[in-house]
Amino acid sequence: MSRLQNYIICLHFLISLPIVISILTLNLVEYCVMGQKSVFLLPTLCFFALSGCVEKNNKVEQASNVDGFVLISPKMLDGGHLPVTYSCDGESVSPPFSWSGAPDETQYYALVMHHNAPEGIHWYWTMYNIPSSKSQVNSGETLGEIGSNSVNNLLQYAPPCSKGPGEKAYQFTLYALSSPAKISGNEPVDRAMLLAAIKDITLGSTTMTVTYERESNKRRNQSEDRARPAEPVKLNPPMFTDSFDSPRCDDIRSSVSEAGFSSDVSVTCDKDYAYVASSTYPDHEMMTGITGTNEQIPVPAEGYAAPIKLNPKKAENFTTIDAAVGVAVNGVPIYDYSSQGELDVDEYDETHDTLALGQLDNCGGHAGRGDDYHYHASPTCMIDTMKNQGDDAIIGWGYDGYPLYGEKNPDGSDIPSGTLDVCNGQADGKYGYRYQTSATPPYIIQCLVGEVDTQKLPRVAPLSGDSEGIRADLRPPLGGVENLIHTVSEEGGRTMRYQYLGEDYFTTYTPSSQGKGCYDFQQKTISNGGKPESGTFCRGEQPSQSKSTTTTEHNAITTTQHSVTFSGEHNFKLDTWADNWFAAYIGDTLLVEDSVPITTERSFNAESISFSADYPIELNVIMKDFKQNDSGLEYIGARNQQMGDGGFIMQLTDTDTNKVVAVSNSDWKCEVLHKAPLNKLCESESNPVAGLGYCTFMSKEAPTNWLQRDFDDSNWAHATEHLASSVGPKDGYNDINWDSSAQFIWGEDLEADNTIICKTTIEEPQ
């Protein structure tokens with residue numbers, strides 16, 4: 001509502017004042033909206049300030065938030081889940097909060113937690129007359145005065161303990177008060193009494209809403225829900241009921257068609273974006289010339305849709321992305337030059353230069369960690385196939401809407417040294433700005449100068465169904481691969497062969513009968529010690545949630561109560577439990593791998609293994625929580641769609657002395673490799689797509705030498721210890737007699753941290 005509209009409303013109010021004076025005396029408090037800021041004003045103030053008032057008959061509990069007045073918690077997000085710790089299934093303690101931005105006149109606060117049930121309102125926590133000097137409350141702490149709850153009418157926090165099915169929503173509301181709440185009588189102060197007492201002294205409020213479903217209720221519904229096949233990953237552009245055209249849309253569409261790629265690449269526009277959709281699989285040779293292979297092989301990603309802004313604007317700051325920064329006119333994503341995370345644009349890093357490391361083929365591209373093909377340098381082979389070859393031909397687009405040209409200006413003139421900015425671009429008379437390729441670093445788009453919504457950017461997720469990590473955990477040497485050859489069969493299969501230190505290695509795949517987008521893999525990789533391996537993996541989700549078809553021939557794998565041969569003077573027994581999957585190594589040698597694939601229904605079990613070794617023991621562990629894709633979610637499309645949570649516990653017993661010599665705890669050093677979703681509101685999306693909207697993710701490769709004894713983990717974080725009530729250990733956990741010092745460990749976030757690697761060194765006890 002404009003300020004003028006507010007003035008008009010207030011004038012109408014003044015004109016009609018004699019008629020409604022009796023009513024106004026009963027409604028002394030109204031909400032007044034000035035711009036975007038909500039405050040309480042007495043009606044009589046409109047006589048002195050034409051600020052515009054809009055009457056709202058809201059009650060205190062519905063008071064609008066004051067701008068900047070926020071309630072946050074270090075343990076949960078607004079719209080997220082209530083951790084089990086704060087329920088009757090956990091520690092039954094109140095959650096922690098902090099707040100800021102209250103109105104200047106605030107003298108006290110009140111905090112209320114309630115749930116709107118079909119039979120009426122239930123309240124679980126009432127605190128009031130909290131001094132304004134306080135800005136936080138710790139878990140289990142009481143501030144000010146405590147009121148009753150509706151569960152047992154006691155003056156304490158009542159943890160949610162719902163017996164009904166499904167998730168329940170719980171709202172925490174913090175009220176800013178101009179004076180202390182005055183409540184007469186000796187009855188316990190309930191929610192209604194408190195709200196009545198603070199009605200006329202409330203300056204504003206702020207809320208946080210979370211949901212919780214008891215684990216026992218989940219289990220009653222999961223057998224039916226889990227049987228439903230998951231929705232496939234949807235990379236396709238949105239379906240439009242109207243056709244949106246614009247000059248920039250026409251230019252993007254023309255750049256594709258004039259280059260001759262319209263048969264494989266489509267361009268669809270809405271009012272904000274042009275979506276360049278393709279399989280990301282180019283029609284030119286690939287992988288030839290690579291010497292520093294990552295052992296990934298290009299797999300088509302049908303329906304990949306790159307969103308290009310139609311109304312680009314320069315941003316105040318440039319944007320770097322640990323993923324694609326744009327797309328070529330043949331539909332292949334464009335990355336910056338770096339092989340490892342977001343780069344420092346002000347300082348060239350040769351150690352992560354994909355071209356300098358020999359990781360790129362003769363066409364400027366390679367397959368990434370998602371077995372997805374993309375460019376890191378000038379797409380020379382694509383340019384050679386373009387119908388409109390020339391310096392004035394657009395060869396790609398940044399996500400911010402600015403075009404990419406070759407190594408010369410569109411008029412054919414050379415680009416003087418030092419002309420290109422840090423993002424590898426310059427001003428353009430037609431488009432305002434343009435990117436260029438270059439023979440020297442950074443080779444191609446290094447960063448984006450225009451405004452870009454990183455929440456909308458697509459990412460190609462790794463192939464699903466790889467429960468054993470035979471594709472996800474590849475870690476070959478940085479160089480030295482010879483004679484790498486990539487071939488494509490008439491049946492649609494692909495093969496990549498190469499040599500290393502005189503040995504032959506290969507990865508091959510063919511379309512699988514399991515379904516569209518699925519491929520039967522066979523491989524012998526450097527990463528996995530040259531062991532023959534096979535599995536069926538899919539671009540998108542597996543056709544069913546049944547057990548993965550992945551098989552491996554690990555000579556060192558053992559399962560529950562089996563032994564493995566390690567040479568050493570001391571005898572040990574390792575006990576572990578993981579949600580959902582782990583693999584443990586002594587140095588770089590596999591000791592034990594979870595015997596239950598991560599995709600198996602209820603993949604919770606304990607593993608015990610006996611072995612001999614010498615001190616000190618370098619123990620390295622990979623831990624994974626199940627996720628259907630890079631969104632980090634499980635049961636996608638079902639009623640119980642959720643993030644899931646992880647957890648790992650371990651103890652090592654010296655069987656010669658029968659003493660526990662090591663346990664999992666915060667002394668371990670850990671690195672999170674996959675975190676998703678980065679915004680937990682993704683969990684509630686009806687059609688979550690990895691990499692889009694709230695469902696963004698962080699994914700990176702493990703350092704190639706992290707299993708080595710001399711690996712420097714000083715920059716890694718310490719493991720986070722978690723309560724058993726938070727992890728909720730299931731099948732197999734109680735089969736082991738755990739030492740009291742053994743702790744559940746994970747990353748900081750049990751729900752969002754999905755893949756973690758950890759290290760610890762076990763010294764001989766003195």
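Quick check on M113: is it surrounded by 22 or more Cβ atoms within 10 Å (Cβ to Cβ) and modelled with pLDDT of 90 or more? The answer is yes for M113.
When every residue of the range 414-421 is checked against the conditions, at least one turns out to be closer than 25 Å to K313 by Cα and among the charged types (D, E, K, R).
Is there a residue in the range 552-564 that is modelled with pLDDT of 65 or more, crowded, with 16+ Cβ neighbours inside 10 Å and of a type in the set (A, V, I, L, M, F, W, C)?
First pass over the range 552-564, keeping only residues modelled with pLDDT of 65 or more: none.
No; the residues of the range 552-564 include none that is modelled with pLDDT of 65 or more, crowded, with 16+ Cβ neighbours inside 10 Å and of a type in the set (A, V, I, L, M, F, W, C).
The requirement of being surrounded by fewer than 15 Cβ atoms within 10 Å (Cβ to Cβ) and under 30 Å from L681 (Cβ atoms) is fulfilled nowhere in the range 395-418; no residue meets it.
Among the candidates K700, K680, the residue that is under 26 Å from A638 (Cβ atoms) and among the basic types (K, R) is uniquely K680. Would you confirm whether any residue within the range 153-162 is surrounded by fewer than 16 Cβ atoms within 10 Å (Cβ to Cβ), touching a residue at least 40 places away in the same chain (Cβ under 8 Å) and assigned by TED's automatic domain parsing to the domain that holds V84? Yes - at least one qualifying residue is present in the range 153-162. Scanning the range 344-357 for any residue that is more than 22 Å from S257 (Cβ to Cβ) and surrounded by 24 or more Cβ atoms within 10 Å (Cβ to Cβ) turns up at least one such residue. In the range 346-363, the residues that are farther than 15 Å from E285 by Cα and touching a residue at least 24 places away in the same chain (Cβ under 8 Å) never reach a residue that is part of a strand (DSSP E or B) and of a type in the set (A, V, I, L, M, F, W, C) with C-beta atoms less than 8 angstrom apart, at least six apart or across chains.
Please note which strands (runs of 3 or more DSSP E) are completely contained in the range 648-737 and include at least 1 residues that are in the same structural domain as A638 (by TED's automatic domain parsing), touching a Lys or Arg at 6+ places or on another chain (Cβ under 7 Å) and in contact (Cβ under 8 Å) with a residue 60 or more places away in the chain.
Numbers: elements: 659-663, 669-675, 720-722.
Fully inside the range 648-737 and qualifying: 669-675.
Going by the structure shown, is N629 surrounded by 22 or more Cβ atoms within 10 Å (Cβ to Cβ) and touching a Lys or Arg at 6+ places or on another chain (Cβ under 6 Å)? Judged against the criteria, N629 is not a match.
When only residues in the range 312-343 that are in a strand (DSSP E or B) and without any contact (Cβ under 8 Å) to a residue 40 or more places away in the chain count, which is surrounded by the fewest Cβ atoms within 10 Å (Cβ to Cβ)? Working first, answer last.
Taking the range 312-343 as the starting set, the residues that turn out to be in a strand (DSSP E or B) are 314-319, 326-328, 333-334, 338.
Now drop any that are not without any contact (Cβ under 8 Å) to a residue 40 or more places away in the chain, which leaves 316-317, 338.
Working: E316: 5, N317: 7, S338: 22.
Filtering the range 312-343 for residues that are in a strand (DSSP E or B) and without any contact (Cβ under 8 Å) to a residue 40 or more places away in the chain, the one surrounded by the fewest Cβ atoms within 10 Å (Cβ to Cβ) comes out as E316.
Residues in the range 270-293 that are under 18 Å from A328 (Cβ atoms) and within 28 Å of the chain's Cα centre (by Cα): Y273, A274, Y275, V276, A277, S278, S279, T280, Y281.
When the residues of the range 444-503 are filtered to those that are of a type in the set (G, A, S) and in contact with a Leu (Cβ under 9 Å, 6 or more places away or on another chain), which remaining residue is surrounded by the most Cβ atoms within 10 Å (Cβ to Cβ)?
Taking the range 444-503 as the starting set, the residues that turn out to be of a type in the set (G, A, S) are 450, 461, 464-465, 467, 469, 472, 479-480, 489, 492-493, 502.
Still in the list and also in contact with a Leu (Cβ under 9 Å, 6 or more places away or on another chain): 472, 479-480.
Values: A472: 22, G479: 13, G480: 14.
Once the filter is applied, the top-ranked residue is A472.
Surrounded by 15 or more Cβ atoms within 10 Å (Cβ to Cβ), within 12 Å of the chain's Cα centre (by Cα) and not in a helix (DSSP H, G or I): does that describe E751? Spelling it out, E751 is indeed surrounded by 15 or more Cβ atoms within 10 Å (Cβ to Cβ), within 12 Å of the chain's Cα centre (by Cα) and not in a helix (DSSP H, G or I). Pairing residues of the range 188-207 that are of a type in the set (K, R) with residues that are assigned to a helix (DSSP H, G or I), at Cβ distances under 8 Å and at least 6 apart in sequence or on separate chains, gives K199/V60. If you go through the range 588-644 and pick out every residue that is more than 25 Å from the chain's Cα centre (by Cα), in a loop (DSSP other than H, G, I, E, B) and at pLDDT below 80, you end up with 2.
Does P180 meet the test of being at pLDDT 90 or above and within 24 Å of E683 (Cβ to Cβ)?
Details: at pLDDT 90 or above: yes; within 24 Å of E683 (Cβ to Cβ): no.
Answer is no for this residue.
Would the range 175-183 turn up any residue that is outside any loop (DSSP other than H, G, I, E, B) and of a type in the set (S, T, Y)?
Checked the range 175-183: at least one residue is outside any loop (DSSP other than H, G, I, E, B) and of a type in the set (S, T, Y).
The values are calculated or read from the model by the stated rules, or taken from the named source; none is laboratory data. From a predicted model like this one, the values you see are computed outputs, not experimental measurements. Neighbour counts run over all protein chains shown; Cβ positions are idealised from the backbone, glycine included.
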